[in-house]
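Below is one structure, written out as structure tokens; comments come after it.
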Amino acid sequence: MRKRKHNEEHENAERWLLTYADLITLLLAFFIMMYVFSKRDAHKYDEVASHLKAIFSGGTGVAGKGSVTATSPIEMPSRGASSGEIKRQLEGEFMDANRSKPGGENISVLSDERGVVIRVLDKAFFDEGRAELKEGAKGALDKIIPIIKNVDNHIRIEGHTDNVPINTFEFKSNWELSARRATEVVRYFVEKRGLSPERVSATGYAEYRPIVQNNSPKNRASNRRIEIIIVKSNEKQN
């Protein structure tokens, strides 16, 4: 009887070592996985890290039998998403497209005092001196729609030109051209993609808010642009 009791006590004393060894093995595998992700693709690393953060903070999403994962922020952005989160979602949408074709620099995402700004050079959306959206422009706008539909922020579309005067039958000045281009984007959002008209507005600034001096063809091309702004406040901003 004493010998059996001694053996049982010996087994119980070592049982915690098995649990501890399993934990160490899992942690080692976890850190190896994170290291591989960080070296292979920084964007994927950030995505995995955000998923893990959501899991450990209580967020769950069922991906399949026996597996639990956080919802990807690009697939389903939160209505209360921060400016940083919205910016990352938009960058994710345009990053691969910009890398894979010439002229990808025509669309950029940035943040300033107004909010998150999607800046589109005019040649990506319009023909010279025209305000009708190109077919390729509609594809780019379709990438934006799922994100802005899932946040409550007001959306302002700004039209900008360079300082070269225009005087055509359709547009008597750059004011008309910039305002019409902004309005065309608003109409597409509202009439074709169902964005609430109360959430969106259009403004034309002509040549009076340049981002660089209009002293070269390259700079003038940078100033001819559409800016889609997800404003910081849920209220309209002028």
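Being in contact with a Leu (Cβ under 9 Å, 6 or more places away or on another chain), among the polar types (S, T, N, Q), in the same structural domain as Gly115 (by TED's automatic domain parsing) and within 24 Å of Ser111 (Cα to Cα) holds for only one residue in Thr203, Thr168, Thr183, Thr161, and it is Thr161. Among the residues that make up the stretch 152-160, is at least one of them under 18 Å from Ile230 (Cα atoms), modelled with pLDDT of 95 or more, over 22 Å from the mean Cα position of the chain (by Cα) and buried (at least 19 other Cβ atoms within 10 Å of the Cβ)? There is at least one residue in the stretch 152-160 that is under 18 Å from Ile230 (Cα atoms), modelled with pLDDT of 95 or more, over 22 Å from the mean Cα position of the chain (by Cα) and buried (at least 19 other Cβ atoms within 10 Å of the Cβ). Got at least one residue in the stretch 107-128 being assigned by TED's automatic domain parsing to the domain that holds Glu227, part of a loop (DSSP other than H, G, I, E, B) and closer than 24 Å to Ile86 by Cα? Yes, the stretch 107-128 has at least one match. Screening Val185 with (1) surrounded by fewer than 19 Cβ atoms within 10 Å (Cβ to Cβ); (2) assigned to a helix (DSSP H, G or I); (3) not aromatic (Phe, Trp, Tyr) gives one miss only, at (1). Residues that are surrounded by 15 or more Cβ atoms within 10 Å (Cβ to Cβ) and in contact with a Lys or Arg (Cβ under 8 Å, 6 or more places away or on another chain) within the stretch 131-147 comprise Ala131, Leu141, Ile145, listed in sequence order.
Comparison of Val164, Val231 shows that the only residue that is surrounded by fewer than 17 Cβ atoms within 10 Å (Cβ to Cβ), at negative phi and touching a residue at least 24 places away in the same chain (Cβ under 8 Å) is Val164. Of the residues contained in the stretch 202-216, one or more are found to be hydroxyl-bearing (Ser, Thr, Tyr), farther than 29 Å from Ser83 by Cβ and without any contact (Cβ under 8 Å) to a residue 24 or more places away in the chain.
The values are calculated or read from the model by the stated rules, or taken from the named source; none is laboratory data. These numbers come from a predicted model, not from an experiment. Reconstructed Cβ throughout: ideal geometry from the backbone, glycine too, with neighbour counts over all protein chains shown.
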